Amino acid sequence: MVDSNIMKAPINLDNSHLKDYSLSLVETDWLNNLKKETFARFKTQNIPSKKDEEWRYTNTEPLIQKCFELATKKSISNLKNNKSFTQKNNNDNIFIYYADGKFCFMDKLPPYIKTLRNSDDQVNVETLLKLDDKKIHSPFTDLNTLLLSDALIIETLKNQKIDAIIHIIICSDIEQNISPRLLIKLRENSSIRIFEHCLTSNSCVINSLTEINCEKNSQLDYFKIIDEQEDGYHLNLSNIRLAKSSAFNLFSWDSGAKISRNNINVDLIEENASVNLNNLFSPNEKLHIDNQLKIKHIGEKCESSLDYRGILKDQSTGVFGGTVYVDQGAANTQSNMANRNLLLSDHARINTKPVLEIYNEDVQCTHSATSGHLDEEKLFYIQSRGIGEPDAMNILIQSFASELVEKIKNSHMKRIFQEYLFQKMQ
Amino acid sequence: MSKEKNLLSINNLKVSIAEKVIINGLNLTLNHGEVHAIMGPNGSGKSTLAKTLAGHPECCIQEGSIKYLGKEITDLNVEERASEGIFLGFQYPVEIPGLSNSVFLKTALNSQRKSQGDDAITAVDFLKELKDNAEIIGMDQSFLNRGVNEGFSGGEKKRNEILQMLMLKPKLSILDETDSGLDIDAMKTVANGLNSMRKKDSSFLLITHYDRLLSYIKPDFVHVLSKGQIIKSGDSTLANQLEEKGYEWLIQT
């Protein structure tokens, strides 16, 4: 646990102001009570620092500074005047924007999507929101709850297969703290695809919290692109629980921020559940990306597969911390964890630490981590066909990213990622 | 077109890799339209010669000259030599997952055309040529959209080298043990590909261990390389002699 003297936090927090501000955001009693509880705990939270193993390679100081500085700053973006807000989509996909603390949408939402503000079933929302209560709280998750004024709830029906892709665009064009909360629940035998796009054009702090519950036989394909401003901060915690024979597949691309920190915790609680995490992280300049993954195999015959690829330019830095934990009872577990990194400059740095913690003998688990410059022999091969060195290098970098993008089965999402690749890697 | 009779002329070439001398005073002249075979025991410098001609950065030229179409090319980089019409068929072609064969070939072809001042090939022409050439070497269409050599067998990789050669139409093809790892049928299709280009006045430098390939493509000259030098040259009958007697009798003298 955290050393108590780290409590000497560098920020001068105006606690009372934060509490008042937090309570002013909502009207319902149960939520006010939740916030009061959260605040009581928040006051006793230790601020994470490099002394914590989990934060060893990420300097939290500027992050915390900015996060709390913006927390109580009331500000309204100019996004409402933006065209994309007023345009009606011409396809069946659903577009939801999160701006200025609210989830907004042009079209009528289908019955399986609700927001905290428009839900008539507060009891259900309350249950969903409190689901994560037993989890370890960090100052950041608590801050998300304190600043919460809305939440997006996606809850499928039993046997419901949804074809539309739910686009969730988290955006801002001014300096502000953005605290989206997503609650996703897939009922038995249902499936859905969600695309979360973080898009900011100013030095924002996104501090998002996502709770995912997949019931028996359900499948969630989750796509995420983090495309933030160089001086922005991105924080996300996703907790994912997978029941029997359910599947969670993630494809994400993180272009980085001043600090981008992504925690993903996956619990495979019942047999035959599977999780697939595919991620590209490509910081440049002095950007920093920190990935922390915890996969917990509890049920038997579950599968996990992690493919994390870093493309690091300039003086950027990256962290991969991946832990696969196999419980005593998790017989016949299959797990592959790979972190491959391309270092495109002598000043780029990666800290990688894949960990296997296994308490059952009947398992197949692999892990690997490689980091290096572009392969000289491959470069020679490409150049020997008449392609100049800069192009040859670009081809190799693109192919490294493309290999992962090509794994996307949904054609609409594949095209979005291909276009993003094209835009980023030119 | 250059009127130069010699396509390639290597003079007193000395090459080292990581400060170890591998090629040590090699002389070789190859004329337009000729097929030369280079044979020799393991470690004699055959692959180093191939890589040096293609411009591999690890091959350090200590002395001598390489003239191609009458011009010194030792200062040209890899892609410049390729654009001038030098092609290297790799002994161990690399795999590049995530880059499709057809995209790679089209990029290569257009880079070469651009450096020669030609317009890019149209998509229709490219696809037609690709299809025709794939047919010549018996490569299934499905391979064209797969990653470059990704998951290919040894034989498939070699066929792919020949496909690239057919598409890029080099003046000089240096094939480094393209015959190794091929079964008889694959050998025949590869030989087919080579012979179809030979008719169009292309020249070849075939690096090989055995005379198997040479029974399908009759070389004009056979050279024996040992310790970085050519110790014997002859016509195609030399290959047969080597097959019978091995290299020992030459190296001892």
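List of remarks:
- Scanning region A:394-426 for residues that are outside any helix (DSSP H, G or I) and crowded, with 19+ Cβ neighbours inside 10 Å yields a total of 1.
- Flag if A:N410 is away from chain B (no Cβ under 14 Å), modelled with pLDDT of 95 or more and over 30 Å from A:H167 (Cβ atoms): no
- The strands (runs of 3 or more DSSP E) falling completely within region A:177-263 that include 2 or more residues that are touching a strand residue (DSSP E or B) at 6+ places or on another chain (Cβ under 8 Å), farther than 24 Å from A:H412 by Cβ and of a type in the set (V, I, T) map to A:205-214.
- Residue tally, condition at pLDDT below 80 and buried (at least 19 other Cβ atoms within 10 Å of the Cβ), over region A:133-163: 0
- Count - residues of region B:150-182 that are on the phi > 0 side of the Ramachandran plot and either under 9 Å from the mean Cα position of the chain (by Cα) or among the acidic types (D, E) (or both): 1
- Meets criteria (farther than 30 Å from A:Q398 by Cα and within 14 Å of chain A (Cβ to nearest Cβ)) for B:K171: yes
- The single condition among (1) more than 14 Å from chain A (Cβ to nearest Cβ); (2) at pLDDT 95 or above that B:G89 does not satisfy is (1).
- One residue from B:S9, B:S16, B:S44 being of a type in the set (S, T, N, Q) and in a loop (DSSP other than H, G, I, E, B): B:S44
- Some residue of region A:297-304 being surrounded by fewer than 23 Cβ atoms within 10 Å (Cβ to Cβ) and polar (S, T, N, Q): no
- Taking the criterion of being at the interface with chain B (Cβ under 7 Å from one of its Cβ atoms) and either under 16 Å from A:I225 (Cα atoms) or among the β-branched types (V, I, T) (or both), the residues of region A:376-400 that qualify are A:I387, A:I395.
- Selection of region B:70-86 for residues being in contact with an Asp or Glu (Cβ under 8 Å, 6 or more places away or on another chain), part of a loop (DSSP other than H, G, I, E, B) and either within 8 Å of chain A (Cβ to nearest Cβ) or free of Cβ contacts under 8 Å to residues at least 40 places away in the same chain (or both) yields B:I73, B:L76, B:N77.
- Among residues of region A:29-60, those that are part of a helix (DSSP H, G or I) and either over 20 Å from A:S179 (Cα atoms) or under 21 Å from the mean Cα position of the chain (by Cα) (or both), counted: 6
- Hey, B:D132 more than 13 Å from chain A (Cβ to nearest Cβ), assigned to a loop (DSSP other than H, G, I, E, B) and charged (D, E, K, R) or not: no
- Every test in (1) surrounded by 14 or more Cβ atoms within 10 Å (Cβ to Cβ); (2) more than 14 Å from every other protein chain (Cβ to nearest Cβ); (3) under 26 Å from A:Q315 (Cβ atoms) is passed by A:S345 save one, and that test is (1).
- For first residues located in region A:187-205 and more than 16 Å from A:N279 (Cβ to Cβ) and modelled with pLDDT under 95, partners that are part of a loop (DSSP other than H, G, I, E, B) and hydrophobic (A, V, I, L, M, F, W, C) and lie 6+ apart or on another chain with Cβ distances below 8 Å form the pairs A:N202/A:I174; A:C204/A:I174.
The values are calculated or read from the model by the stated rules, or taken from the named source; none is laboratory data. Since we're looking at a predicted model, the values are computed, not measured. All Cβ positions, even for glycine, are placed from backbone atoms using ideal geometry, and neighbour counts span all protein chains on display.
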